[in-house]
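For reference, the structure discussed in these notes is given below.
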């Protein structure tokens, strides 16, 4: 199935000057918007709100209501300008409830999380070459058996994004650079994502540059993650212990490939440094390199999303030698976007050596979309083999239901089962059973109106002997949330 992040304190928003390729520039180069490294959209909503193009709202006849007016607010009209200086405002309110039995897979009373997200953003365009984006977010949580909520769930106020960007067209190629705090999703979703499941999204600090033609694009970047505090804007800092940098190259494959297709091939070479890497109760410096590729798109009724990457480097006194492969495909049963789909995805992430035995073969995703493996975040692509048949259909207009049945095993039985935060389920490294468990998942996404949507999820994790032998239990998870965006 298609990967998506399903899979949406009031304060004064101050803008910073930004530089990003303008929507008009993206059209001029004609590199596919969905594959340009920003997953840009035109006249629609995106997880990264700065990747939206609302220039059509310049035309008063295309504004359906007062909120449409907020998508294009010209600032140069009083000086006789032509509307090239304008602001786009955006916002989101998300009300969410999670209910989890046997939290942390231990026999215990159920946990309930009542979660609120409030986001406000402003995108300032100064002509076609300069741009500035700022975004504030608030996360609130209450309920029962909460433990100590992370700063990505409870946070009074965060400058979630704040960057400047400049772009130009050089010889028919769009070139640009962006600097500041920003979301980065240029790569397989299971390796890099905004982590929209969190209340406060995952962001990084640094710079990114690109050049995009009609069939070829390249990008380079150097970032440090944001280390969030849980109070106000003064305690959110660039993480001094971690650094993520690298390069990406993308190609639009010929339409005649495979007898008629719409495919994009992306390759990437990355480096991740972590001075406080943790495996098997040990903490020490780690440098991990990634070399991989992703093929995605459509071949007739078949949608493909295939990626593989090789990882190497060193952790304390161990060499790193790891692999990941994510092979997903669906088949459309009929015509149109609403047609049912059937599919299967196979996911492999090597394991072994997490407790200091020989090479470290545990694969690691920098900041990937872990709900793909478990809505409860009880699995991650490290020491994991998973096979997941799935089906999706439209039960009524503007709604989509997806059902999955995932079978999960350990790659190396001498290593632990790992959860989404990278921590092992303590004691699982001592057992020798391979089967982690089976997971049954159902999700409903309903676009009630263009601005209001509802998402419901259910998951049952039937724990296998790799977990139960260490005293862990099965668990049920039920979640629902209502999102309003403009």
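Derivation of every value follows stated rules applied to the coordinates shown; laboratory data play no part. Computed from a predicted model, the values in this text were never measured in an experiment. We place every Cβ from the backbone using ideal geometry, glycine too, and count neighbours over all the protein chains shown.
Below are the figures for this structure:
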{"item": "Cβ-based exposure ranking for 88, 449, 199, 455, in which fewest neighbours within 10 Å come first", "result": "449, 455, 88, 199"}
{"item": "Extension gain from residue 407 to residue 222, taking 0.36 nm per residue of separation minus the Cα-Cα distance", "result": "62.9 nm"}
{"item": "Mean residue ellipticity (222 nm) of the chain, computed from DSSP H runs ≥ 4 via -39,500 (n - 2.57), nearest 500", "result": "-500 deg cm²/dmol"}
{"item": "Distance histogram for segment 387-486 (every C-alpha pair counted, 5 angstrom bins, percent rounded to whole numbers)", "result": "3, 12, 17, 18, 14, 11, 10, 8, 5, 2, 0"}
{"item": "Rough spin-label spacing in nm, given labels placed 7 Å along Cα→Cβ, for residue 308 and residue 262", "result": "2.7"}
{"item": "Extension gain from residue 145 to residue 333, taking 0.36 nm per residue of separation minus the Cα-Cα distance", "result": "63.3 nm"}
{"item": "Distance (nanometres) between label positions extended 7 Å along Cα→Cβ at residue 99 and residue 215", "result": "5.6"}
{"item": "Where labels lie 7 Å past Cα in the beta-carbon direction, separation of residue 447 and residue 108 in nm", "result": "3.9"}
{"item": "Rel. contact order, % - alpha carbon contacts under 8 angstrom, at least six apart, segment 39-98", "result": "21"}
{"item": "Cβ-derived FRET efficiency at R0 60 Å, residue 247 paired with residue 399, nearest 0.05", "result": "0.90"}
{"item": "Additional length obtainable on full extension of the chain from residue 462 to residue 276, 0.36 nm per residue less Cα span", "result": "63.6 nm"}
{"item": "Rg to Rh, two decimals, where segment 23-485 supplies the alpha carbon set and Rh follows Kirkwood", "result": "0.96"}
{"item": "Taking 141, 283, 115 and counting other C-beta atoms within 10 Å, the order from fewest to most", "result": "283, 141, 115"}
{"item": "Proxy reagent accessibility, fewest Cβ within 10 Å first, across 101, 128, 428", "result": "128, 101, 428"}
{"item": "Residue 316/residue 432 FRET efficiency (R0 25 Å; Cβ-Cβ; nearest 0.05)", "result": "0.45"}
